[in-house]
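Read-outs: derived from the displayed coordinates by stated rules, not from any lab. The shown structure was predicted, so the numbers you read here are calculated from the model rather than taken from an experiment. Here Cβ is always computed from backbone atoms with ideal geometry, including for glycine, and neighbour counts include all displayed protein chains.
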Amino acid sequence: MLRRLLPFFLAAALPLTSWAEPSKTPENLRNPEQPIWGRNSPIPRTLQELEKDPQLLALLAQMSWEEKCGQLNQYAGEITGPQPLKPELEQRIVQGQVGSVLSISGVDRCRKLQDSALKSRLKIPLLFAMDVIHGYRTVFPIPLAEAASFDPEIAEQDAKISAQEAAASGVHLTFAPMVDIARDCRWGRVIEGAGEDPHLGQVMARARVRGFQGRQLGQPDRLAACVKHFAGYGAAEGGRDYDTSEISERTMREVYLPPFQAAMEEGVATLMPSFQETAGLPSTANPWLLRQVLRQDWGFEGVVISDYGAIEELTKHRICQDKLEAGKLALSLGVDIDMMSDIYRTLPVTPELQASLDRSVLRLLALKKALGLFEDPYRFLNQEREKKTQFCQDFRLASCRAAEKSAVLLENRQQLLPLEPQRYKRVSVIGPLADDAVSTLGEWNLVGRPEETITAWKGLREGFGACGSQVQLEKGCPAYKADSSKIAAAKKLALQSDLVVLVLGEPAEITGESRNRTFVGLPGSQLELARAIAATGKPVVTVLMNGRPLALSELRQICPTLLEMWHPGTEGGRALFNLLRGSASVGGKLPMSFPTNSGQLPIYYNRKSSGRAPEKGADKYKMAYYDSSIQPLYPFGYGLSYSSFAVSPARVVSAPSQWPLVVECTVKNTGKRKADEVVQLYVSDEVRSLTPPVKELKGFSRVSLDPGQSRTLQFRLNPGDLSFIDQDMHRVFEPGSFGLATGTDSRVPVQTRVKLSTP
Ligand code: BGC
């Protein structure tokens, strides 16, 4: 019995954690303009504020125990997880047993359920939530691709348009942004995040929250955002989704938490704990994460929504004896909403849970109030607006622009790109991804329509066709299965062509949640197809459409022209044509290292130095592989353009001992075309009391320059930007010597050293 009750009481007793006391950001490292939570949020920022709202308190006072528990249940309209819920949904809503519904959209369907909610005793409106991850009806490139744009405006615009479309379809809240740092591309969910780097992750997290929520929550064309999955989910062992992440508190604080904190600072309304366990505790039951870091250190009083069935899964993690114990534990830790475990609804009256229950209900009611649902439960439900707002020309153009900006040029050894379409009379489009609309849209889109999607084939047929070329399609082989029976036909077509566009990659169904891979090369017979097409000697542009970094060693050798398009969304094919002919500037950079082979994973640029770093020509007793290089095939931050750029070494322009440290560099377009370059600033702490990463990205800027044009860029760094988590888990800045480097990818060596002292 004692053993059975232990987890609940242990968790309830604060402070209790397997990790140390909270690390507070020292005052001198804080940016005074950025309160930790809620800068942009009309939701009460503190519990005290929440507990003073007379309207909410009056409502709470009228609610029975069952009605309070009922508010905290979330059930699915459609299914995105393993436990389907049966049709009694409407009945439960009328009985006041449901506070929100997930995976639902469409004015008619939402209205029907809202009607039911208004038949309940207290008529508390429902909240409708959905995974709007990279677009709604107009689908944008997958988030990993948008991170490759190194342009936060792209992510913000995607989120804004997604919000406009989804909100017009009745949705109030999206389960996005996903901000999990990921260093192992075997994990299928790398498609949803911004890749391996905490700085890029923070910038993109902020942009998405701004885009979804706008300046003020509650506008009828914006959504409440939900930052997820808190925390460390991306470090799943072996890249196996849902498996353990073993992360030290320091790494958690330095690598995995910063994007969440950035989302907090932008005023994100809600948060979702992750499925996996770390240090013996699943996040849904982790008091250190949920109480100490989230509520105490960061002061978050927004709504915490469990992941799908995650409360019930506490029994499968074997830290709770039964569902009831799991429900009590999660509620006591401030997991406000029970998504799909169907546990909170049935919580028996438990006096020690009363305060937690009231608090969770208040938080949810505050969110509903901020969204304006008490004023008008139907304010998101307007059929005419729904029709007018979907898939507009402007949205499609924005999606096309995002796909263009997200593309990364990996190889252009023969300078085949950009090309003049008129020069090619016969163009063949070959490959299993060439006309795969579902993969063009990418995983985690629930509403985009394949029939409205411009695949590579459609975009190239339209583009080259308008230039008078004859364009033909041949699949060559399946995307996933090994089958080489059609390769000969594809080769024959290639031989009759002046230009081949070969579209390879990963089908969407092997990317995303639970779609992990042990081998991250091209699947099936695709490499064989590539060999056959390359052997024709025809000019070949190889286009990649994939949801994760791929190991492309052989492909790189046989294909001199490689363009990474990711899963590019609704307008992917048009974006591709614009990039090929150079009317759009290719300038994206890799947000994750591309490995040489699967055995190198996890791989990331900002690793530690090691006492035995590899040296040229000596790998015995060094950190090395016997059978492979330890270097990635393409490093973080890498990407070419149709021009060439020179970036001057970093120079410090602020006065000695003055903060902020101002670092400058000049970038010049030294080529013949107008083009984009992403200038990156890396900092390396030379010596400190705990091993520093080899280098860390601290700033970047994507610029567009005419031939011969140059621009001077400035980066400002505060001590907080150069701080780390010390032995006592405090964020500190240690004075000393720092190396600075400005360049066009993460390989750039240190160019300048600067001695910095405490402010
Ligand atoms: C995923 C979440 C998602 C939820 C609702 C879960 O399986 O982990 O990211 O928001 O389903 O669809």
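Checked against the criterion of being in a loop (DSSP other than H, G, I, E, B), closer than 26 Å to GLY267 by Cβ, away from the ligand (no atom under 16 Å from the Cβ) and not aromatic (Phe, Trp, Tyr), the range 309-320 has no qualifying residue.
Cβ separations smaller than 9 Å between residues 6+ apart or across chains give the following pairs from the range 731-749 residues that are more than 22 Å from SER593 (Cα to Cα) and touching a residue at least 60 places away in the same chain (Cβ under 8 Å) to residues that are assigned to a strand (DSSP E or B) and of a type outside the set (Lys, Arg): ARG731/PHE724; ARG731/ILE725; VAL732/PHE724; VAL732/ILE725; PHE733/PHE724; PHE733/LEU756. For the range 582-600, how many residues are surrounded by 24 or more Cβ atoms within 10 Å (Cβ to Cβ) and either outside any loop (DSSP other than H, G, I, E, B) or of a type in the set (Val, Ile, Thr) (or both)? Result for the range 582-600: 2. Residues in the range 392-416 that are buried (at least 19 other Cβ atoms within 10 Å of the Cβ) and more than 25 Å from the chain's Cα centre (by Cα): GLU411 alone. Before we move on, is ARG121 over 29 Å from ARG401 (Cβ atoms), charged (D, E, K, R) and part of a helix (DSSP H, G or I)? When the stated conditions are applied, ARG121 does not pass them.
Evaluate the range 361-384: report whether one residue or more is within 28 Å of the chain's Cα centre (by Cα), closer than 19 Å to VAL543 by Cα and more than 16 Å from the ligand (Cβ to nearest atom). Checked against the condition, which is being within 28 Å of the chain's Cα centre (by Cα), closer than 19 Å to VAL543 by Cα and more than 16 Å from the ligand (Cβ to nearest atom), the range 361-384 yields no hits at all. Looking across ILE430, ILE487, one residue alone is more than 16 Å from the ligand (Cβ to nearest atom), more than 30 Å from PHE275 (Cα to Cα), crowded, with 24+ Cβ neighbours inside 10 Å and aliphatic (A, V, I, L, M). It is ILE430.
Between SER525, SER553, SER585, the distinction of being closer than 22 Å to TYR634 by Cα, touching an Asp or Glu at 6+ places or on another chain (Cβ under 7 Å) and of a type in the set (Ser, Thr, Tyr) belongs to SER585 only.
Inclusion of TYR308 among residues that are aromatic (Phe, Trp, Tyr) and over 18 Å from ALA129 (Cβ atoms) is not warranted. How many residues are under 20 Å from ALA76 (Cβ atoms) and not hydrophobic (A, V, I, L, M, F, W, C) when one looks only at the range 337-359? Summing the residues that are under 20 Å from ALA76 (Cβ atoms) and not hydrophobic (A, V, I, L, M, F, W, C) in the range 337-359 gives 6. Taken over the range 325-343, residues that are away from the ligand (no atom under 15 Å from the Cβ), among the hydroxyl-bearing types (Ser, Thr, Tyr) and assigned to a loop (DSSP other than H, G, I, E, B) amount to 0.
Residues that are under 33 Å from the mean Cα position of the chain (by Cα) and charged (D, E, K, R) within the range 473-491 comprise LYS475, LYS481, listed in sequence order. Helices (runs of 4 or more DSSP H) fully within the range 130-227 that include at least 2 residues being within 16 Å of the ligand (Cβ to nearest atom) and in contact with a Gly (Cβ under 8 Å, 6 or more places away or on another chain): 143-148, 152-168.
Filtering the range 264-287 down to residues that are in a loop (DSSP other than H, G, I, E, B) and more than 13 Å from the ligand (Cβ to nearest atom), which residue is farthest from the chain's Cα centre (by Cα)? Outline the logic, then answer.
From the range 264-287, those in a loop (DSSP other than H, G, I, E, B) are 266-269, 274-276, 279-280, 286; that's our starting set.
Adding the requirement that they be more than 13 Å from the ligand (Cβ to nearest atom) leaves 266-269, 279-280, 286.
On the way: GLU266: 16, GLY267: 17, VAL268: 15, ALA269: 17, ALA279: 24, GLY280: 26, ASN286: 23 Å.
Applying the filter and picking the extreme gives GLY280.
The condition (being farther than 20 Å from LEU580 by Cβ and more than 22 Å from the chain's Cα centre (by Cα)) is satisfied by just one residue among GLU420, GLU452: GLU452.
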